[in-house]
Amino acid sequence: MASTIRVRATSSGDTTEVQALIQHPMDSGFVKNSAGELIPPHFIQQLTFEHGGKPVFIADWGPAVSKDPYVKFSFKGGKKGDDLKISWIDNKGASDSSTAKIQ
Amino acid sequence: MIHLSPGRVDATRRLVLKGGAVVALAGIAGIRFGLAPALAAANDAYPDAAFKVKGADGAIQALYGKAAEKSDKVRMDAPEIAENGAVVPVSVTTTLPGVTSIAIFVAENPNALAASYRIPAGTMPSVANRLKMAKTSNVIAVVEAGGKLYSASKEIKVTIGGCGG
């Protein structure tokens, strides 16, 4: 299965900028389908970025984060070629992870 | 999955957090997320209760246990008018030192807390994301720095709500 995670991590100087795009419906639980039934909530709860075995960014998300979520942040200490590990888990217990090389 | 009365566990967790007993926290996280060993291993409990509160002030209280004061050192970039409430780009940045977390609240959404970001040492106090807005609302960015809370808010007008129906 193709990964749900797309990440671009770019190092410039001592700062690494990370942009991530995750494929996920992020159903809020407030929207009805065409038959008028509520679509149950289904959203990513936690997204973690790790560098060198330590978390550099942890996102706790509710259902108000848009479908196919996007997030951008920067951290210090990353070098070109280093691994950045990304993982998420949703409210139904599903999860995915991926490792990106810092460019 | 086993359900241990969630309210009670949350209260316990808050006490535990205040006591700084991180080892006990890991144990509780392990029970709560029995199906999610990755979370338990990360030793980071998801602030479930704070995501279920109506109204921004209550949600800030639920997440942090205290209120925020306005600060011009917190900057939020967001559109004046969001044509599509399903995808509203919001970014928050601050010049405050010692930032440990950034959270974003949409006051008029069914539950105000939209996203909370933990910022470890070495990570810049700046984040960009995209949020859903049910209707025109104040959006509040809260930055936790040196144990205190600072906020900035902005009204974003929504033409088409992001919660469907």
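The values are calculated or read from the model by the stated rules, or taken from the named source; none is laboratory data. As the structure is a computational prediction, the values presented were derived from the model and not from experiment. No Cβ is skipped: glycine too gets one built from the backbone with ideal geometry, and neighbour counts run over all protein chains shown. Side chains included, ligands, DNA and RNA excluded: accessible areas come from the protein's heavy atoms. Shrake-Rupley method; radii C 1.70, N 1.55, O 1.52, S 1.80 Å.
Yes/no matrix, rows are residues, columns are (1) surrounded by 16 or more Cβ atoms within 10 Å (Cβ to Cβ); (2) part of a helix (DSSP H, G or I); (3) at pLDDT below 50; (4) among the acidic types (D, E):
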residue: B:A24; (1), (2), (3), (4): no, yes, yes, no
residue: B:I31; (1), (2), (3), (4): no, yes, yes, no
residue: B:Y46; (1), (2), (3), (4): yes, no, no, no
residue: B:A50; (1), (2), (3), (4): yes, yes, no, no
residue: B:D57; (1), (2), (3), (4): no, yes, no, yes
residue: B:V90; (1), (2), (3), (4): yes, no, no, no
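Quick grid of which residues meet (1) hydrophobic (A, V, I, L, M, F, W, C); (2) outside any strand (DSSP E or B):
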residue: A:A9; (1), (2): yes, no
residue: A:T16; (1), (2): no, no
residue: A:H24; (1), (2): no, yes
residue: A:G29; (1), (2): no, yes
residue: A:G36; (1), (2): no, yes
residue: A:Q45; (1), (2): no, no
residue: A:T48; (1), (2): no, no
residue: A:V56; (1), (2): yes, no
residue: A:K72; (1), (2): no, no
**Request:** Read through the list (1) open to solvent by 40 Å² or more (accessible area, probe 1.4 Å); (2) modelled with pLDDT of 50 or more; (3) of a type in the set (G, A, S), then give the number of the only condition that B:A38 fails.
**Result:** (2)
**Message:** Is it the case, given these coordinates, that A:L47 is under 26 Å from B:L63 (Cα atoms) and of a type outside the set (K, R)?
**Reply:** yes
**Asked** If you scan segment A:24-73, which residues turn out to be under 16 Å from B:K132 (Cα atoms) and of a type in the set (S, T, N, Q)?
**Response** A:S28, A:Q45, A:S66
**Asked** Filtering segment A:82-103 down to residues that are open to solvent by 60 Å² or more (accessible area, probe 1.4 Å) and outside any strand (DSSP E or B), which residue is farthest from B:V53 (Cα to Cα)?
**Response** A:Q103
**Prompt:** With respect to A:K76, is the statement that it is farther than 25 Å from B:V88 by Cβ and facing another protein chain (nearest Cβ under 9 Å) true?
**Reply:** yes
**Request:** Take A:S95 and decide whether it is within 11 Å of another protein chain (Cβ to nearest Cβ), under 24 Å from B:L63 (Cβ atoms), more than 13 Å from the chain's Cα centre (by Cα) and not basic (K, R).
**Result:** no
**Message:** Any residue at all in segment B:96-104 that's open to solvent by 10 Å² or more (accessible area, probe 1.4 Å), over 20 Å from A:Q46 (Cβ atoms) and part of a strand (DSSP E or B)?
**Reply:** no
**Request:** Filter segment A:27-81 down to the residues that are within 12 Å of the chain's Cα centre (by Cα) and among the basic types (K, R), then identify the one that is surrounded by the most Cβ atoms within 10 Å (Cβ to Cβ).
**Result:** A:K67
**Fill in**
Among residues of segment B:108-135 being in contact with a helix residue (DSSP H, G or I) (Cβ under 7 Å, 6 or more places away or on another chain) and either assigned to a loop (DSSP other than H, G, I, E, B) or among the polar types (S, T, N, Q) (or both), the residue nearest to B:I60 (Cα to Cα) is B:A112
